[in-house]
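To start, the structure itself, in structure tokens.
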Amino acid sequence: MSDSSRSLDDLKTLLHSSVGDDLQQKMKFYNSWAETYEQMVELGFKHFVGVDGSQGMLDQAAKTGLYKELKLALLGPEPLPALSGMFDVVMIVGALRHDYVPVSVIRELCLAAKPGGYICMSRNGQKSESGNKYKVSMEKELQLMEEEGLWSHVITKDMGKYMIDMYNCEGVQNENYIRGTMYLYKKSLN
């Protein structure tokens with residue numbers, strides 16, 4: 001976190017406020033988290049377009065000066081606000097999970113990439129019945145899209161230290177981590 005005046009306990013309290021099925025409650029959580037979210041670092045890409053369901057996160061992103069456009073949208077209930085075949089790289093980080101973004105959004109991500117472009121997706125691996133059902137459904141969709149010739153699989157990587165588990169963390173010295181998975185696909189040229 002960029003604001004060192006916040007303690008680990010403050011972050012745990014903030015994260016616990018996001019628990020539940022209410023989408024508006026989740027957006028309120030992300031709006032408050034946006035103020036302390038790590039800033040992005042440019043890695044050679046020149047034109048960023050950001051989409052988020054949290055106006056607070058978009059406001060933070062605007063401060064970086066990296067983004068050409070920022071768009072407010074709740075993916076799933078609202079379509080991805082992007083033209084087809086527009087981007088060299090399309091990324092979704094951490095939102096592929098039950099009660100956040102439906103599996104159907106993955107096709108929209110693929111459509112937004114240019115032919116030959118990359119689609120990078122990551123999700124946390126917290127174990128729950130709904131999380132396991134989502135993963136099975138998501139991986140079935142990934143495979144189906146590959147069979148349909150929409151894209152080809154590049155790599156899937158399991159990560160033991162995807163993110164700090166703020167629900168079960170006992171201080172900075174005794175960090176527990178949530179596992180995660182990163183999926184990378186290359187959009188077909190046709």
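The values are calculated or read from the model by the stated rules, or taken from the named source; none is laboratory data. Computed from a predicted model, the values in this text were never measured in an experiment. Positions of Cβ are generated from backbone atoms using ideal geometry, with glycine treated the same way; all protein chains shown enter the neighbour counts. Remember, those area values only see protein heavy atoms, side chains included, never the ligands or the DNA or RNA. Shrake-Rupley method; radii C 1.70, N 1.55, O 1.52, S 1.80 Å.
When you scan region 60-81, how many residues do you find that are small (Gly, Ala, Ser) and either closer than 22 Å to Gly180 by Cβ or within 16 Å of the chain's Cα centre (by Cα) (or both)? Full working, then the answer.
From region 60-81, those small (Gly, Ala, Ser) are 61-62, 65, 73, 76; that's our starting set.
Going one step further and asking which of them are either closer than 22 Å to Gly180 by Cβ or within 16 Å of the chain's Cα centre (by Cα) (or both), we end up with 61, 73, 76.
Qualifying residue count for the region: 3.
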Residue selected from region 155-182 under the condition open to solvent by 70 Å² or more (accessible area, probe 1.4 Å) and under 22 Å from Val103 (Cα atoms), by the criterion modelled with the lowest pLDDT: Met163
Qualifying residue in region 126-142 (condition: at pLDDT below 85, under 18 Å from Val93 (Cα atoms), in a strand (DSSP E or B) and open to solvent by less than 60 Å² (accessible area, probe 1.4 Å)): no
Tally, over region 48-62, of residues that are in a loop (DSSP other than H, G, I, E, B) and either open to solvent by 50 Å² or more (accessible area, probe 1.4 Å) or hydroxyl-bearing (Ser, Thr, Tyr) (or both): 1
Residue count for region 102-123, restricted to those that are touching a Lys or Arg at 6+ places or on another chain (Cβ under 7 Å), outside any helix (DSSP H, G or I) and open to solvent by less than 10 Å² (accessible area, probe 1.4 Å): 3
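Taking the options Val103, Val136, name whichever one is under 14 Å from the mean Cα position of the chain (by Cα) and either among the aliphatic types (A, V, I, L, M) or within 26 Å of Leu58 (Cα to Cα) (or both). Let's see the steps before the verdict.
Details: Val136 fails: under 14 Å from the mean Cα position of the chain (by Cα).
Every option except Val103 fails the conditions.
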From Gly65, Gly85, residue being loosely packed, with under 13 Cβ neighbours inside 10 Å and without any contact (Cβ under 8 Å) to a residue 12 or more places away in the chain: Gly65
